[in-house]
Amino acid sequence: MHPQITSNNMAISHRTLAVVFLIVASMARISAIHYNGNNNNNNNNAASSSGSPMKLESQSMPSSSSSSSRSSCLSASTSQGAHQNSRIQEIRQLLCDRHSYVLNGHRLSDFADWVQSQGGETKIFSMHGVDVNFQVDELHAMELAVEVYPLHEKTKDPFLPDRMNLNIPVTFSEAEATALEVPTKSRNNNHTSVAHFYKGAAHDWDDRQPTALQLTLRAMKLSIIFAPVLTTSWLAVLSSKFRREVWYKWVANCLASGGAAFIKYGQWSSTRPDMFPTAFCDALSQLHNSAPAHSWNHTQEQVEASLDIPQGSLLEVFESFDKQPLASGSIAQVHKARLKNGQTVAAKVVHPRVAELIDMDFRLMTMLASVCDWIPGLRWLHVRDTVSQFSHTMAAQAHLNVEAHHLEVLNNNFRNWKHVRFPQPFFASPSLILETYEKGSIVTDILDTYDQEAREHGDLQGSDIIPLDLARFIVTTGLSLYLKMLFLDNVMHADLHPGNIMLDIDYPTDGSGRAPKLGVTLVDAGMVAQLTEEESTTFIGLLCSLGEGDGRAAAEHAMRFSVENNMNQQQRESFIEDMETLFGEKCSGYGTNVNVGDVLTSILGLIRKHHVRIDANYATLVINAMCVESLARRVCPSYNVLEAGRPMLQAYRKMSFAKDGYTRTASSKQFRRMKRVMPFLLDRQKGHHDKTFFKKIELQRNTRKRIARGGDKPKRH
């Protein structure tokens with residue numbers, strides 16, 4: 001080892017140890033001051049309660065005042081115990097009532113009525129990747145800024161459709177509030193309070209900003225976690241083989257150990273091949289797998305605190321509550337539970353200190369991003385702006401009541417689609433969602449089973465043996481729900497990877513041989529993209545360009561993916577020229593079996609090459625389209641999503657753009673008129689294409705079976 005390097009490392013180590021020693025000493029000093037202060041306060045309180053120091057013997061002497069005090073304490077304790085039992089019974093019954101209210105469809109109907117009263121549109125409070133100019137802290141207070149809306153006549157519970165917090169307040173009289181020592185600031189005109197009866201850990205929410213010491217300690221911990229990556233970055237620059245085969249995996253492992261903010265940022269980065277190399281995105285895609293689960297004690301504390309029931313009374317409200325989670329993500333984990341009426345539900349519980357760690361980590365990431373923006377080679381990425389936008393999304397995700405609102409909006413948008421579902425929440429707080437339990441299996445797990453079975457039967461693929469009804473359902477439903485969110489709703493599930501798609505196959509039990517009932521459920525709606533008219537129009541224009549094989553129009557639409565694409569004329573022409581070359585090689589338009597996923601991946605490569613910026617919502621649309629297309633090709637390789645969407649894309653291009661394919665001509669009024677036409681094209685025209693296509697697939701399968709059995713050879717036409 002070089003002696004100069006060794007001496008430098010030793011010097012750095014000594015300085016680091018000195019800093020750590022000073023920090024630990026400061027913390028010890030602060031703790032000592034805090035401990036002495038508490039002792040002094042306790043002594044002062046003891047002295048003031050009696051007026052002067054008292055001996056032990058005198059404290060045991062009975063007195064009228066002490067008897068009266070004990071009597072008051074006993075009365076308060078009895079009153080509090082009665083209210084606790086009453087609260088347990090109330091929550092137990094209300095959860096059952098709410099769950100029934102959701103299952104019988106009344107909640108969906110009332111929410112739809114409320115949406116109509118608001119002009120037919122709902123607001124997504126968390127806009128993915130967009131700064132909506134309000135502090136996340138305001139989300140916590142939004143529950144109070146609502147108007148009472150009448151619900152179903154049989155429902156007396158204030159389960160309002162225009163609120164994100166669907167919690168159950170405590171109700172008591174003014175006299176009871178005084179006897180139970182409810183803080184004045186926790187009361188309102190109806191004498192309600194949240195988090196009063198629970199005496200364990202407080203809610204997992206802290207409005208205080210992190211101190212400099214907390215940020216320093218967190219930075220030190222992250223430095224240790226990311227040390228393998230940082231110390232070998234020079235080798236990753238010099239060796240492409242080491243970078244691809246080793247270093248990218250190390251980065252993914254370090255992000256997984258860094259906490260929720262780094263895991264989510266890594267997951268999001270894995271969907272940005274426009275910014276990062278494909279091999280790097282592939283390594284980060286492993287972060288979509290299950291994250292570490294938290295302890296059962298934390299789950300119990302959060303559920304009891306959110307429901308505001310006494311500590312240890314969880315199983316007095318629920319019939320059962322599984323200690324082992326069904327799944328765990330970067331923000332929360334899901335448990336299976338059963339209400340007292342026997343109904344199975346899902347409970348999503350936030351991980352410990354998520355909001356606090358996300359806040360600290362994004363403050364540190366913002367500092368690092370500022371340095372990246374200072375480097376000329378990275379300035380075009382606008383890393384600081386990207387981190388700022390994503391931090392808003394992450395901060396909102398740490399509040400599960402926001403996700404509950406997203407779920408209700410998505411359920412409302414798909415209320416007429418009987419085979420498409422989202423979990424339906426019936427209780428929500430920042431730390432907990434109680435929602436309907438949706439049956440099903442992850443779609444990729446089902447496809448893996450068919451792939452394995454096909455390999456056991458010879459040189460076949462899963463797509464050769466998967467039941468045709470199931471294949472048709474997966475392919476057509478996946479594309480239809482994507483097109484609906486894009487063309488009609490302007491609200492897009494922003495995390496639509498296969499791990500969030502569940503398939504329910506309900507086989508008949510009567511032995512009749514009837515086809516199974518099929519359904520699809522989309523989960524994890526923490527990230528939802530609210531699309532503007534400009535965003536949806538621009539992206540649909542790109543898809544139209546693929547159908548027409550028009551590289552110039554595709555380039556013009558891609559350059560509108562960010563308002564900050566300040567490209568000069570030479571840069572624009574260079575980008576357009578490369579796009580036209582790409583289309584000449586891979587995209588000739590309708591009727592040529594265009595591989596949409598391959599073309600979109602190549603477009604993202606050109607975007608990265610020419611430093612074209614792409615905002616978060618556009619990245620979401622591209623990645624979701626690639627997910628839908630790859631899923632369709634795996635289930636049915638000959639199905640082409642571009643051909644299936646052809647009626648809608650051609651109609652949209654004709655009504656929206658000039659002959660050049662990118663100059664917008666339609667007004668807002670015309671766009672609203674188009675929205676009335678699109679459901680017909682989606683249901684009838686696309687449906688006709690799908691029916692014709694899968695009839696051909698059925699004929700091909702029957703022919704192969706006949707040949708395999710030694711039957712007649714296919715006739716020549």
Matching residues in region 560-580 (of a type in the set (Val, Ile, Thr) and either touching a His at 6+ places or on another chain (Cβ under 6 Å) or in a helix (DSSP H, G or I) (or both)) number 1
Of all the helices (runs of 4 or more DSSP H) wholly in region 638-693, which have at least 2 residues that are surrounded by 12 or more Cβ atoms within 10 Å (Cβ to Cβ) and out of contact with any helix residue (DSSP H, G or I) (no Cβ under 9 Å at 6 or more places or on another chain)? none
Residue selected from region 598-626 under the condition among the hydroxyl-bearing types (Ser, Thr, Tyr) and touching a residue at least 40 places away in the same chain (Cβ under 8 Å), by the criterion most open to solvent (accessible area, probe 1.4 Å): Thr601
If the Cβ limit is 8 Å and pairs must be 6+ apart or interchain, which residue in region 216-229 that is under 14 Å from Arg363 (Cα atoms) pairs with which residue that is part of a loop (DSSP other than H, G, I, E, B)? Arg218/Pro210
Out of (1) of a type in the set (S, T, N, Q); (2) surrounded by fewer than 19 Cβ atoms within 10 Å (Cβ to Cβ); (3) in contact (Cβ under 8 Å) with a residue 40 or more places away in the chain, what's the single condition that is false for Gln302? (2)
Restricting attention to region 556-597, and to residues there that are touching a Gly at 6+ places or on another chain (Cβ under 6 Å) and touching a residue at least 40 places away in the same chain (Cβ under 8 Å), which single residue is nearest to Ile623 (Cα to Cα)? His557
Evaluate the following for Val371: is it open to solvent by 20 Å² or more (accessible area, probe 1.4 Å) and over 21 Å from Asn253 (Cα atoms)? yes
Every residue in region 453-470 that is in a helix (DSSP H, G or I), under 31 Å from the mean Cα position of the chain (by Cα) and either at pLDDT below 90 or crowded, with 21+ Cβ neighbours inside 10 Å (or both), please. Gly462, Ser463
Scanning region 316-327 for residues that are within 24 Å of Lys439 (Cβ to Cβ) and surrounded by fewer than 18 Cβ atoms within 10 Å (Cβ to Cβ) gives Glu319, Ser320, Asp322, Lys323, Gln324, Leu326, Ala327
Would you mind finding the one in Asn565, Asn595 that is within 29 Å of Leu468 (Cα to Cα), polar (S, T, N, Q), at pLDDT below 95 and surrounded by 13 or more Cβ atoms within 10 Å (Cβ to Cβ)? Asn595
Checking the condition in a loop (DSSP other than H, G, I, E, B) and within 25 Å of Ile124 (Cα to Cα), which residue from Ile623, Ile614 passes? Ile614
Phe583 - would you say it is in a helix (DSSP H, G or I) and of a type outside the set (S, T, N, Q)? yes
If we keep just the residues of region 316-355 that are part of a loop (DSSP other than H, G, I, E, B) and free of Cβ contacts under 8 Å to residues at least 60 places away in the same chain, which is farthest from Thr299 (Cα to Cα)? Gly342
Is it the case, given these coordinates, that Gly526 is touching a Ser or Thr at 6+ places or on another chain (Cβ under 9 Å) and open to solvent by 10 Å² or more (accessible area, probe 1.4 Å)? no
Take the conditions closer than 21 Å to Lys517 by Cβ and hydrophobic (A, V, I, L, M, F, W, C) and apply them to Ile433. Does it pass? no
From the option list Asp113, Asp97, single residue qualifying as open to solvent by 40 Å² or more (accessible area, probe 1.4 Å), more than 29 Å from Lys675 (Cβ to Cβ) and either in a helix (DSSP H, G or I) or at pLDDT 85 or above (or both) is Asp97
Across (1) under 25 Å from Gly584 (Cβ atoms); (2) out of contact with any Asp or Glu (no Cβ under 7 Å at 6 or more places or on another chain); (3) basic (Lys, Arg), Arg552 clears everything bar (2)
Looking across region 529-542 at residues that are open to solvent by less than 20 Å² (accessible area, probe 1.4 Å) and of a type outside the set (Phe, Trp, Tyr), the single one that is modelled with the lowest pLDDT is Ala529
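The values are calculated or read from the model by the stated rules, or taken from the named source; none is laboratory data. Source: prediction; values computed, not measured. All Cβ positions, even for glycine, are placed from backbone atoms using ideal geometry, and neighbour counts span all protein chains on display. All accessible areas refer to the heavy atoms of the entire protein, side chains included, with ligands and DNA or RNA removed. Shrake-Rupley method; radii C 1.70, N 1.55, O 1.52, S 1.80 Å.
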